[in-house]
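**Q** Input: one structure, supplied below.
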Amino acid sequence: MFKQLNNERGLVFVVIMMVVIVMITLTLSLISINISQVNLTEKEAQRMQADLIGPALLSLAFTGMQSGINSTGDTITLSDTIDGITYNAQVEILPPSLVDPMKPSLLNATVDF
C-alpha cells in the first residue's frame, strides 16, 4: 500500500549546505567583533594620550603663572603628533571671579585630536 522512498542523497546535501552557511555566519561575526574591538582600542589609546597631554599643559601654565611668565588673558597652545595623530592642546588663563576677587585665576584646557 505505501511505497518506501530510499532517496536520501538530496537530504545530505541540504544538511551540509546548512552547516556551511552557519559556519560562514559565525566566521563573519567573529571577524566583525575583532575589527570593532581594534577600533575601540585605538580610540581608547588616543583618549588616554589626550588625557596625559591636558594635565601636562595645565602644569606648564600653572608653573608659568607662578614664575610670572604667563598672566591673566594669556593662551598657551601646544601641537604634538604621536603615532601619526596630531593632538592640539590649548590652555586659557581666565581672570579671577568678579564676585570673589580673592579667588585665583581659572585655567581652561582643551585637547583635540
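Only the coordinates and a few stated rules stand behind these numbers; no lab work does. As the structure is a prediction and not an experimental result, all values here were calculated from the model. Note: ideal-geometry Cβ built from the backbone for every residue, glycine included; neighbour counts use all protein chains shown.
**Q** Of the listed peptides 46-56, 74-84, 29-39, what is their order by residue-averaged count of other C-beta atoms within 10 Å, with the highest listed first? If you can, show how the numbers build up before the last one.
**A** Numbers: 46-56: 14.2, 74-84: 11.6, 29-39: 10.0.
Those peptides, ordered most packed to least, come out 46-56, 74-84, 29-39.
**Q** List every residue whose amide H lies under 5 Å from the amide H of Tyr87, counting only residues 5 or more places away in sequence or on a different chain, with H placed 1.01 Å from N in the peptide plane.
**A** Under 5 Å from the amide H of Tyr87: Asp80, Thr81, Ile82.
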